[in-house]
Amino acid sequence: MNHAVRHIGLDQTPDVWPESAAWFIGSAFLTGTLLELSTHPKPGLVTPRSNGAHRDMNLQTFMVSSAAIAPCLYQCAQAGLAHFGAEQALLPVIRGIGSRYERRLLAATNGINTQRGLLFSAGILSGVAGLVMRDRPLADADELFDLTASMTQGLCQRELGTLGDEDPKTAGEKLFRRYGVLGIRGEVEAGFPTVRAAGLPALRSARERAASLPTLLLHTLISLMSTTEDTTVLWRGGLSALDFVREAARRILDLGGAMSDEGMAAIAALDAECIARNISPGGSADLLAITVGVDALLGGHLPSPIAVVHTPDGAPAL
Ligand SMILES: CC(C)(COP(=O)(O)OP(=O)(O)OC[C@H]1O[C@@H](n2cnc3c(N)ncnc32)[C@H](O[C@H]2O[C@H](COP(=O)(O)OP(=O)(O)OP(=O)(O)O)[C@@H](O)[C@H]2O)[C@@H]1O)[C@@H](O)C(=O)NCCC(=O)NCCS
Ligand SMILES: Nc1ncnc2[nH]cnc12
């Protein structure tokens, strides 16, 4: 068995591999989804202790929508594992699965848009991961992101560039018309540059510095917020809100991010300010879930959720 496969605990016996690989991939992104939701504080976002800048959803709204979309991740991974031929031909298969689950998401939340963006990005990555992992573990994040960019080449032109004079329907289409921003489609078609350049480096840096799990997750989010072209922020507050969020996040990173007392104080202040201004960086929250999921696919180990204290004789303190 391949060392990397053994390292991430997959059973590579031929008749079990596709099933276990699909569950492994889906669980990686579900782990990222659940850990994002469980993180507190998160400026302007829903947490176990705050609804952030939202009046129409709370943690349980996200719990039911996460439960509704979890099977989609597994099915997209299975579609990738079963796909033979050019990767571009896999995209419509993934889009078909995702569209069905977007309806299930909205049915589970009574029409509230909690995680449409996450469904899109995590579904596509699950499919691409399946494409690669049919034969072997992922080499690195670049392999996953480069293949994603290849599979979705032309997506923005097809779905945004050909809007013509017809009325834009979704937030992303309206914002493309108004500001020329590409939103989640642009992030995906470019191969997740924000996760590559900000998310994964921040997560790895926090892990190397032995940060606790909550600190690691929040530090990664702030790093993502400093650079994400988040159409969720744009939708609510325009370019001034997007500039405000990115500049505030950069200042927090200059103070040490979530790994310093000064940074944590600035995060608390930003949370209050986002709520006061009705700003919610939902796109960055999605990218936090994606970052954790990709790290898990690569066998990354996260700090224990509870820092276990051991007694002098080595037994865990109860
Ligand atoms: C492909 C679609 C998902 C595109 O949808 P849309 O045309 O709306 O495009 P965008 O606005 O660009 O993106 C939609 C959501 O993606 C998140 N997002 C935005 N920018 C980025 C970015 N730069 N990087 C990553 N992700 C980004 C964001 O999603 C999160 O925020 C939403 C919750 O926030 P909230 O403010 O509450 O949103 P609203 O309720 O809309 O506003 P209020 O009324 O409350 O004020 C939530 O979606 C989070 O996930 C953007 O909102 C879609 O068209 C599509 O095709 N879907 C079908 C499914 C599919 O194809 N799946 C394939 C794979 S399975
Ligand atoms: N925790 C959260 N709060 C608000 N919007 C989100 N989109 C994804 N995660 C979110």
For this session: Please specify each residue of the stretch 277-318 satisfying the condition of being within 16 Å of ligand 1 (Cβ to nearest atom), open to solvent by less than 50 Å² (accessible area, probe 1.4 Å) and over 17 Å from the mean Cα position of the chain (by Cα).
Result: 279
Problem set entry | Unmet requirement for residue 39, which otherwise passes all of (1) farther than 20 Å from residue 99 by Cα; (2) touching a residue at least 24 places away in the same chain (Cβ under 8 Å); (3) open to solvent by 60 Å² or more (accessible area, probe 1.4 Å) | (3)
Problem set entry | Among residues of the stretch 233-262, those that are free of Cβ contacts under 8 Å to residues at least 24 places away in the same chain, more than 14 Å from ligand 1 (Cβ to nearest atom) and either assigned to a helix (DSSP H, G or I) or within 19 Å of the chain's Cα centre (by Cα) (or both), counted | 7
Problem set entry | Only listed residue being open to solvent by 40 Å² or more (accessible area, probe 1.4 Å), more than 11 Å from ligand 1 (Cβ to nearest atom), within 19 Å of the chain's Cα centre (by Cα) and at negative phi, chosen from 134, 196, 116 | 196
For this session: Return yes or no: is residue 266 touching a Ser or Thr at 6+ places or on another chain (Cβ under 6 Å) and either among the acidic types (Asp, Glu) or open to solvent by less than 70 Å² (accessible area, probe 1.4 Å) (or both)?
Result: no
Seminar exercise, completed: Among (1) of a type in the set (Asp, Glu); (2) touching a Ser or Thr at 6+ places or on another chain (Cβ under 6 Å); (3) under 27 Å from residue 271 (Cα atoms), residue 87 falls short only on (3)
Seminar exercise, completed: All-but-one check, residue 60 against (1) surrounded by fewer than 18 Cβ atoms within 10 Å (Cβ to Cβ); (2) over 30 Å from residue 244 (Cβ atoms), failing number (2)
Exercise. So which of 223, 205 is of a type in the set (S, T, N, Q), crowded, with 24+ Cβ neighbours inside 10 Å and not in a loop (DSSP other than H, G, I, E, B)?
Worked result: 223
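Yes/no per residue for (1) closer than 12 Å to residue 45 by Cα; (2) modelled with pLDDT under 95; (3) of a type in the set (Asp, Glu):
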position	(1), (2), (3)
216	no, no, no
237	no, no, no
250	no, no, no
262	no, no, yes
277	no, no, no
283	yes, no, no
For this session: Could you grab me the full set of residues in the stretch 56-88 that are away from ligand 1 (no atom under 11 Å from the Cβ) and out of contact with any helix residue (DSSP H, G or I) (no Cβ under 9 Å at 6 or more places or on another chain)?
Result: 58, 60, 84, 85
Problem set entry | Out of 123, 130, sole residue that is within 16 Å of ligand 2 (Cβ to nearest atom), in a helix (DSSP H, G or I) and not hydrophobic (A, V, I, L, M, F, W, C) | 123
For this session: Report yes if some residue within the stretch 99-109 is modelled with pLDDT of 95 or more, outside any helix (DSSP H, G or I) and either buried (at least 20 other Cβ atoms within 10 Å of the Cβ) or within 16 Å of ligand 2 (Cβ to nearest atom) (or both); otherwise report no.
Result: yes
Exercise. Only one of these conditions is not met by residue 65: (1) within 16 Å of ligand 2 (Cβ to nearest atom); (2) over 19 Å from the mean Cα position of the chain (by Cα). Which number is it?
Worked result: (2)
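The values are calculated or read from the model by the stated rules, or taken from the named source; none is laboratory data. Computed from a predicted structure; not experimentally measured. All Cβ positions, glycine included, derive from the backbone under ideal geometry; neighbour counts span all protein chains shown. Protein only, heavy atoms only, side chains kept; ligands, DNA and RNA dropped before computing areas. Shrake-Rupley method; radii C 1.70, N 1.55, O 1.52, S 1.80 Å.
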